[in-house]
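*Asks:* Below you'll find the structure I mean.
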Amino acid sequence: MGIRFILMVNKQGQTRLAQYYEWLTLEERRALEGEIVRKCLARNDQQCSFVEHRNYKIVYRRYASLFFMVGVDDDENELAILEFIHLLVETMDKHFGNVCELDIMFHLEKAHFMLEEMVMNGCIVETSKANILSSIQLMDKAH
Amino acid sequence: MSSSSTSIMDNLFQRSLEDLIKGFRLQLLGESNFISRALEEIRREIKVTDLSTKSTALHKLSYLAALHGVDMSWAAFHAVEVVSSPRFQHKRIGYQAITQSFHEQTSVLLLITNQVRKDLNSANEYEVSLALECLSRIGTHDLARDLTPEVFTLLGSSKAFVKKKAIGVVLRVFEKYPDAVKVCFKRLVENLESSDPQILSAVVGVFCELATRDPGSCLPLAPELYKVLVDSRNNWVLIKVLKIFAKLASIEPRLGKKVAEPICEHMRRTVAKSLVFECIRTVVSSLSDHEAAVKLAVAKIREFLVEDDPNLKYLGLNALSIVAPKHLWAVLENKEAVVKALSDEDPNVKLEALHLLMSMVNEDNVSEISRILMNYALKSDPLFCNEIIFSVLSACSRNAYEIIVDFDWYVSLLGEMARIPHCQRGEEIEHQLIDIGMRVRDARPQLVRVSWALLIDPALLGNLFLHPILSASAWVSGEYVEFCKNPYETVEALLQPRTGLLPPSIRAVYIHSAFKVLVFCLRSYFSAEESTLSFSAQEFSSASSSMNAFTYESILNLVNVIELGLGPLSGTHDVEVQERAKNVLGYIGMIKQELAEKLNLQDNETEVFRVTAFMEDVFSEELGPVSATAQEKVCVPGGLELKENLGDLEEICGEFLKPVESDSVSDTDKISFSVSKLRIRDQQEASSSSSPPHEASSLLAEHRKRHGMYYLPSQKDDPDNNGTPNDYPLANELANEISPDPFNPKKKPNQSKQRPVVVKLEEGDESRNPPQAKLDIETVNDDEYLSRAIQSALLVKNKGKEKDKHETNLNSGQHEKDESSRIEDQQNSEKKKKKKKKKKNGERSSKHKSRGRNVVASASEQVIIPDYLL
């Protein structure tokens, strides 16, 4: 399926954004998030950004106080996912202007939209910042 | 703020999401309180008819559900209402809520079909995109079926924005409703030739997924994909195309040849590490037969390995481990880097390095590598230490210890492992100690030596993880006591007070081993006495020369020590320990009298002598490895009805048998169930007739007659059981019938010892690997269906292309003309060469075995691979 889920979690372990591309019940989601967050938070900067969890991999990266974690299938290219995370952060940065955790908290739907533009059904469909931002800006004006 | 009564202010103004968030952040404690109050508010607001209020409430609810785990499925209907609003803002919120919370079981799912359809047909492309997004996340079979026509239309939309999303949705639609393939596939393929990078990226993504599930169906599209591979400059697209080719090349080797060169080009030219890595991965996994490509890939891997970036190091090691099985030279070239990685900070890197190292191991370097690894194990944290131990154990025991030549060294290594502080792999070591004892006769002396060292160390008894190892040591010491140098000390070790720390099951093993040692000592004492005149000491090799020094005093002492040690245990509450202790004490009781009187022990008629000889007989039976299929080999003796239906039972106790399912409960259970019920009934009806108890016992007797061999032998003579135990050949015999493999190593100058004989069973040798996880049958069926649909779509496509040829005159569009004429050329060239490829069943992965058969049977046309590609 490519990407299975995307999470944004802060250092205290609070989830700021959760986007799932396969159906999981509430308890499963909570359990999953708890496990993964614990694993990633326990690692330091010297270690690589890939963690194996059950039958898939988690690719994560820390930006300031937020951890971006993407759960992918085993055969996905990890470096490409890292690039994708970076792209996401850059796009949000451009849109919000020096994005920080609060921006995401208060404008959660914008973040969701950005993600929806970039990833569809678990596959990355858009990688150009300009395209993503233009459609979001248009959408904002549309209502 | 904390009062529960609502004020007028609260009622008049609805809190927006922003207010909610702000309020939440201001709460330092009492978060759940805050949430429940907010929920109450939301419940009130959401029932209002005004859509604005409703949608704000829904918005807040989605937020809470997404981040704080609040259940929002009760609001499903309200979400549907909100979505029907003409305002975009509301639609957005509604769709967001729907995608977040709807799933297959949501009852109102049917209601949104029409709404989604309306939105898909909308002129506003953003509404369309909302609807498409929704469909992609929650699409069910029904939704997919109903909305396929709309998706089809959108696939041809002029707006790239919409088209791209429609392509993204297609995958989900296909998955849920395979018939959609017939409709949409053609348009999908057309988009492969699109020049718009957005579209291309989306299409390639879809094909990547399809190729993963069923490479065969995408094979005919290889030419278009090849063009993309060569022309595209977009890294993302290239990565996906590479993945597709990786899957295709594994089923069509000739494709690999064609693709190898462009891939190498990319590897050389590109700067992007992700692309390089994908190329490497493609080459080593699917193109591993192309030497030039592999060499280049390995060179690139080397570059990764020497980087400081832990990510690259990890990926380099990963790639190396994929290439290792076929190209061991690559691993050996990079040996230093791998060993260095063992001490890296990152546990992932360390693990990969460990696995790589184990793949390099063979009989020459096994001791050297084990030495290095043991040193690392001592220095590492517990987790990695156990990983090391486990991988060494599994590598060495593979295939009945294939790579071990020097078993003495290996056995002492096992003992060493037991002493590593963090060792938690006790069970595996236990298994191997016993296994080696059974299979390798020549290793037994060393085994006994190592076990003895472990047994006499009182410190080890306190370590919970080592208990299995101690159990194995005790067993070995008892079973192969003839190699023991000092059985007296062994017995002392087995009975030391600290053994109280052991769990009862292991303690039982200890006691039983002490028993075996005792019997052995007595026997050898008697034989020594006996053979003072005759030299029958041949049986007892040099190992026992020291034992002939048994004197009467030492034997008496031994017996006393054992009696003292086991005396207290005869009253212990654990049944097993008590029983074993009593066995030994009983035996001692039998012989003690005569021993104390120091009767003429040469006399064969003494009780002592006879009893000891008898016990020694019991213990001298050699235990060998038992094949896992041994039971099946035993043929069922004639007259034994295993499958007979217990139909007669119905009449006798029908009312008791009814609640029991006939297929789920075995016959024996049925009997016991009904019999026990009868008994209970007995007790309840004190004045009942005597027939039920009679029936119960007669049933039992009947059952026993039929299935007598499954009953434990009873004390009284049962005429049924007389002949049966002997019908079953002993398990040992089967093992001994199969000749052990003679192993002739190539003579190496520095190897003085020949490898000892290892008993292997031809079949049924237990492998310790966990069984492969069974594939979910359902997904296999779904995939089957989908791939069949794609198959037929492609056939239609081929036929359709012919039709296009005829219709060129009718269609005025230049684009289509070009397209169809191009296809026509291709078709002609195919026809001219007339190469038809038959799909081989063997090429299929096991997942699609059944489908392969179906396809070959049902496909009227073979799938043609265009020739210029081969």
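Readers should treat all values here as calculations from the given coordinates under stated rules, not as data from a laboratory. Computed from a predicted structure; not experimentally measured. Backbone-built Cβ (ideal geometry, glycine too); neighbour counts: all protein chains shown.
*Asks:* Pop out the Kirkwood hydrodynamic radius of segment B:192-277 from its pairwise C-alpha distances, inverse of mean 1/r, in Å to one decimal.
*Replies:* Taking the inverse mean of 1/r over all distinct Cα pairs, segment B:192-277 comes out at 12.8 Å.
*Asks:* Would you order B:439, B:87, A:29 from fewest to most other beta-carbon atoms within 10 Å of each residue's own beta-carbon?
*Replies:* B:87, A:29, B:439
*Asks:* Taking 25 Å as R0, compute the FRET efficiency from the Cβ-Cβ separation of residue B:620 and residue B:579 and round it to 0.05.
*Replies:* With a Förster radius of 25 Å, E is 0.65.
*Asks:* May I pose another question? Would you tell me the mean number of C-beta atoms belonging to other protein chains that fall within 10 Å of each C-beta in B:192-205, as a whole number?
*Replies:* For this peptide, the per-residue mean of nearby foreign Cβ atoms is 2.
*Asks:* Could you sort the peptides B:216-227, B:289-300 by per-residue average Cβ neighbour count (10 Å cutoff), highest mean leading?
*Replies:* B:216-227, B:289-300
*Asks:* Next question. Count the net charge of all other residues whose Cβ sits under 13 Å from the Cβ of residue B:25, scoring Lys and Arg as +1 and Asp and Glu as -1.
*Replies:* -2
*Asks:* Give me the three principal axis extents of segment B:381-536 from the C-alpha atoms, as integers in angstrom, largest value leading.
*Replies:* Extents along the principal axes, in whole Å: 59, 37, 20.
*Asks:* Which value, to two decimals, describes the C-alpha radius of gyration of segment B:336-465 once divided by 2.2 N^0.38 Å?
*Replies:* 1.05
*Asks:* Then there's this: Nearest 0.05, what FRET efficiency do residue A:25 and residue B:383 give at R0 = 30 Å with Cβ-Cβ as r?
*Replies:* Result of the calculation: an efficiency of 0.45.
*Asks:* In angstroms, what radius of gyration and Dmax does segment B:214-253 have, counting Cα atoms only?
*Replies:* Cα radius of gyration and Dmax of segment B:214-253 are 9.8, 27 Å respectively.
*Asks:* How long are the three semi-axes of the equivalent ellipsoid for segment B:371-420, computed from the Cα gyration tensor as the root of 5 times each eigenvalue, in whole Å, largest first?
*Replies:* 20, 12, 8
*Asks:* Quick one: grab Rg to one decimal and Dmax as a whole number for segment B:49-169, Cα atoms only, in Å.
*Replies:* Cα-based Rg and Dmax for segment B:49-169 come out at 13.9, 41 Å.
*Asks:* Then there's this: For each pair in B:326/B:350; B:247/B:295; A:57/B:227; B:165/B:243; A:39/B:247; B:163/B:243, compute the distance between the two Cα atoms and list the pairs where it is over 26 Å.
*Replies:* With Cα atoms farther than 26 Å apart: A:57/B:227; A:39/B:247.
*Asks:* Shifting gears a bit: Among A:51, A:72, A:125, whose mean-square fluctuation peaks in a Gaussian network model of chain A (Cα, cutoff 10 Å)?
*Replies:* Most flexible of the set in this elastic network: A:125.
*Asks:* Based on C-alpha coordinates, I'd like the Rg and Dmax of segment A:1-74, in Å.
*Replies:* In Å, with Rg to one decimal and Dmax whole: 11.5, 35.
*Asks:* Name the residues whose placed amide hydrogens come within less than 5 Å of the amide hydrogen of residue A:53, ignoring near sequence neighbours (fewer than 5 apart) on the same chain.
*Replies:* HN-HN under 5 Å from residue A:53: A:58.
*Asks:* Viscosity 1.567 mPa s, temperature 4 °C: Stokes-Einstein D of segment B:399-479 from its Kirkwood Cα radius, in µm² per second?
*Replies:* Using the Kirkwood radius from Cα pairs, D works out to 104 µm²/s.
*Asks:* Within the P(r) computed for chain A, what percentage of the Cα pairs occupies the region above 17 Å?
*Replies:* 59 percent
*Asks:* Measuring from the lowest to the highest alpha carbon on each principal axis, how far does segment A:82-127 reach, largest first, in angstroms?
*Replies:* Per principal axis, max minus min of the Cα coordinates gives 28, 19, 14 Å.
*Asks:* Could you work out the Kirkwood radius for segment B:256-327, taking every pair of different alpha carbons, averaging 1/r and inverting it, reported in Å?
*Replies:* 11.9 Å
*Asks:* Let me ask something else. Taking 30 Å as R0, compute the FRET efficiency from the Cβ-Cβ separation of residue B:40 and residue B:141 and round it to 0.05.
*Replies:* 0.20
*Asks:* Cα extents of segment B:148-235 along the three principal axes, largest first, in whole Å?
*Replies:* Principal-axis extents of the Cα atoms in segment B:148-235, largest first: 34, 31, 18 Å.
*Asks:* In Å³ and rounded to a whole number, note down the convex hull volume per residue for the Cα atoms of segment B:276-316.
*Replies:* With only Cα atoms used, segment B:276-316 gives 49 Å³ per residue.
*Asks:* Per-residue Cβ counts within 10 Å, from other chains only, averaged over A:122-132: what number is that?
*Replies:* So the per-residue partner count for this stretch is 6.
*Asks:* Take the Cα radius of gyration of segment B:482-521 and divide it by 2.2 N^0.38 Å, with N its residue count; two decimals is plenty.
*Replies:* 1.15
*Asks:* Shape of segment B:96-148 from its Cα gyration tensor (a ≥ b ≥ c, root eigenvalues): rounded if a/c is under 1.5, otherwise prolate when a/b > b/c, or oblate?
*Replies:* prolate
*Asks:* Going out from 0 in 5 Å bins, what whole percent of all Cα-Cα distances in segment B:227-369 drops into each bin?
*Replies:* P(r) for segment B:227-369, in whole percents per bin: 2, 10, 21, 20, 18, 13, 9, 5, 2, 0, 0.
*Asks:* Can I ask one more? Which of A:8, B:438 comes first, and how do the rest follow, when ranked by fewest Cβ neighbours within 10 Å?
*Replies:* Lowest count first: B:438, A:8.
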